[in-house]
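Working notes, structure below.
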Amino acid sequence: MKKLLKLTLLAAAALCLGACDEDKTYEDPGLEVTPHNISGTWQLAEWNGTTLAEGSYVYIEFTRKDQLFTMYQNLDSFSARKLTGRYDITTDVELGAIIMGAYDYGIGDWGHRYIVSDLYEDTMVWTAQDDPTIVSVYKRCDAIPGEITGAAAEE
């Protein structure tokens, strides 16, 4: 009888140990989307799943304190185009963090409001709120190159 009891306890222990799931993977939620965490310079690395054509660029620099942005891009012009303005981040209960902006000089608002996801120290993803097929991947960089801002010509 003692042998049967020991075997039963041993089998129960083996079942308990076997039931433990050690392969649990926990998703890294990334950083909270705040002006502090997106502050700095970012370069558009991918747009709608493809990299930009050679020579094309979008750089955007976010200033945390006044929630200002400066953007240099050449997607709709031959040379660099500098755009400035203000941005704001809101939180939607269902969608999460949403970034929106307005250009200076009465140019108007950004074309879309973007859901910001997967924000990490060096990368973030924007998805247009009104068109989920528009997805932009940004990579953090040290600065906007001087040849784009014109700083290289001043030296």
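The values are calculated or read from the model by the stated rules, or taken from the named source; none is laboratory data. Small disclaimer: the values here were computed from a predicted structure and weren't measured. Every residue, glycine as well, gets a Cβ built from its backbone with ideal geometry; the counts of neighbours run over all protein chains shown.
Here are the numbers for the structure shown:
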{"read-out": "Unmet requirement for His112, which otherwise passes all of (1) crowded, with 17+ Cβ neighbours inside 10 Å; (2) free of Cβ contacts under 8 Å to residues at least 40 places away in the same chain; (3) part of a strand (DSSP E or B)", "value": "(3)"}
{"read-out": "Filter pass, Gly85 being more than 25 Å from Glu147 (Cα to Cα) and of a type in the set (Gly, Ala, Ser)", "value": "no"}
{"read-out": "Residue among Ala80, Ala53 that alone is buried (at least 16 other Cβ atoms within 10 Å of the Cβ) and among the aliphatic types (A, V, I, L, M)", "value": "Ala80"}
{"read-out": "Filter result for Gly108 (of a type outside the set (A, V, I, L, M, F, W, C), at pLDDT below 95, more than 23 Å from Gly150 (Cα to Cα) and over 15 Å from the mean Cα position of the chain (by Cα))", "value": "yes"}
{"read-out": "Residues being surrounded by 16 or more Cβ atoms within 10 Å (Cβ to Cβ) and either in a loop (DSSP other than H, G, I, E, B) or hydrophobic (A, V, I, L, M, F, W, C) (or both) - total across region 115-144", "value": "11"}
